[in-house]
Every structure is written in C-alpha cells, then in structure tokens.
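All remarks here apply to the structure that follows.
The values are calculated or read from the model by the stated rules, or taken from the named source; none is laboratory data. Remember, predicted model here, so these are calculated numbers, not experimental data. As a convention, Cβ positions derive from the backbone with ideal geometry for all residues, glycine included, and neighbour counts pool all protein chains shown.
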Amino acid sequence: MIEKELLLEWLQGRQLVYQLLARLYQEGPQKEILATMRQESFLEEMAKGSDNPNLVAGCRLMEAELDSRGSELQAYQQELQEDYNRLFVGPGHLDAPPWESVYRSKEHLLFGEETLAVRKFYRSFGLESKKKNREPDDHLGLEMEFMAWLSQAAAAKVQAGEDATEFLQGQQRFLKEHLEQWVPALCSDMQQAARTEFFRGLALFTRGWLEADAAELEAVLEDFCGGEKS
C-alpha cells in the first residue's frame, strides 16, 4: 500500500493542478494566475516531474513565453485575454468551445444529453454547479473544478484514516466517461487556432496532464484497492 504521506502529497498536488486549470478555463489569463505560474516555478517543476511528452512540451511553451514577455505583463495579459475570448468566449464564432456537449452531441449544441449526464454525475456526489442556469454544467472549467473537489475530498478521507476509494473511483469514472471523451479534440482545436504560445502550450499541457493523471490514478487504485476496478 502507498504510504499515507505520499498519497496525501499526490492528492494535494493533483488538486492544485486541477484548480489551476479550472481557473484558467473559467476566468482566463488573470494577472494573478500568470504571476503565480512564473514566480513559483510551477511550469518548470511540472516539466521536471513528468515523462509525458505533451505535458512537458506544454510547460516549455508556456514557460518560454511567460519568461520572454514578463517585463511587459500588462500588454501581454491583454493579448492573452483577446486570444482567450476568441477561443472560448466570443462574441461570434468560437474556435474552441469549452463545453462537452458541443463536442459530443450530433448537433454540436449546448445543454444536450451530455450536459445532463455531467449534472447527474455531480449530484451523485452531492454537488450542484454554482453557475447552474448561468453556465452549462459541462464547461471544461467546471469539470476541472469537480476533479479538484474529488481530490480534496479523497485527501480529507485519507487524512482522517478513512476509505477514499469512492472519490478515487469517481475520478477515474469521470475521466473515462467525460474528460477523455472530448478534451483531446478541444485541445487539438486550441493548438490550431491559438495565436499565442501560451494557449498552444495550455492545450498540450491539458492533454498531457489528463493522460498522465489517468495512468497514475489507475496505478494508485490498483494498489489502494488491491486491484479492484470501478
């Protein structure tokens, strides 16, 4: 079995990454987020700690652009905001619409069956989107926020010496049934349409993070649950 301290550290680290991704996709490239990514060597450490080529390449792209444009942060942040709006917000055509239902429904429309399935998944853990009726439940930022919440809930169980299997298996199911079903296509659209290296890097980072996290989660569950599968 994994030692309690290592498991906690792993869960808390995953929570932080999912929280960062949730904020980036929901709020855009806020100065505070960009400053944190630069000052705390977040991207450098993530690249060093991973052997996933997409994740490493994404870190390097974002890190290089943040370093080269750091002295003109205000102008650079405006440039990133324009890229973010064009990709995800509008007005007009979106190059990378951040909703699962747009990618998975035949009509490519919002509030489809996929949205309701995500809402049902949240409710199975006693949660409801804080943006209900204002933002579809299957927005990527909300899905990332849900994964962060599950990591936090699992960590709390581990800290209390209780069984965290429900939350770990919930994450594995949500990855397989939802995130893995559409985020790779979104990331491809981001890479093709982004005008900044930051968002091309974020696309690679997002794809690589989900790939690496799914593999790690499977290994942890095999150890944690003695090979039991969800």
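Out of contact with any Leu (no Cβ under 6 Å at 6 or more places or on another chain), crowded, with 23+ Cβ neighbours inside 10 Å, at pLDDT 95 or above and acidic (Asp, Glu): is that true of ASP138 in this structure?
It is true that ASP138 is out of contact with any Leu (no Cβ under 6 Å at 6 or more places or on another chain), crowded, with 23+ Cβ neighbours inside 10 Å, at pLDDT 95 or above and acidic (Asp, Glu).
Within the range 9-48, can you find the residues that are closer than 15 Å to ALA148 by Cβ and among the hydrophobic types (A, V, I, L, M, F, W, C)?
TRP10, LEU11, LEU16, VAL17, LEU20, LEU21, ALA22, LEU24, ILE33, listed by residue number.
If you scan the range 15-47, which residues turn out to be within 22 Å of GLU135 (Cβ to Cβ), crowded, with 18+ Cβ neighbours inside 10 Å and either over 14 Å from the mean Cα position of the chain (by Cα) or not hydroxyl-bearing (Ser, Thr, Tyr) (or both)?
Within the range 15-47, GLN15, VAL17, LEU20, LEU21, ALA22, ARG23, LEU24, GLY28, PRO29 meet the criteria.
For the range 99-113, indicate whether the set of residues that are farther than 15 Å from LEU202 by Cα and touching a Lys or Arg at 6+ places or on another chain (Cβ under 8 Å) is non-empty.
Looking through the range 99-113, at least one residue is farther than 15 Å from LEU202 by Cα and touching a Lys or Arg at 6+ places or on another chain (Cβ under 8 Å).
For TYR25, all conditions in the list (1) in a helix (DSSP H, G or I); (2) more than 14 Å from GLN77 (Cβ to Cβ); (3) out of contact with any Pro (no Cβ under 8 Å at 6 or more places or on another chain) hold save one; what is the number of the exception?
(3)
Would you list the helices (runs of 4 or more DSSP H) that sit entirely within the range 30-138 and hold 3 or more residues that are charged (D, E, K, R)?
Result: 31-39, 42-48, 53-69, 73-84, 113-124.
Return the total of residues in the range 90-132 being in contact (Cβ under 8 Å) with a residue 24 or more places away in the chain and among the basic types (Lys, Arg).
1
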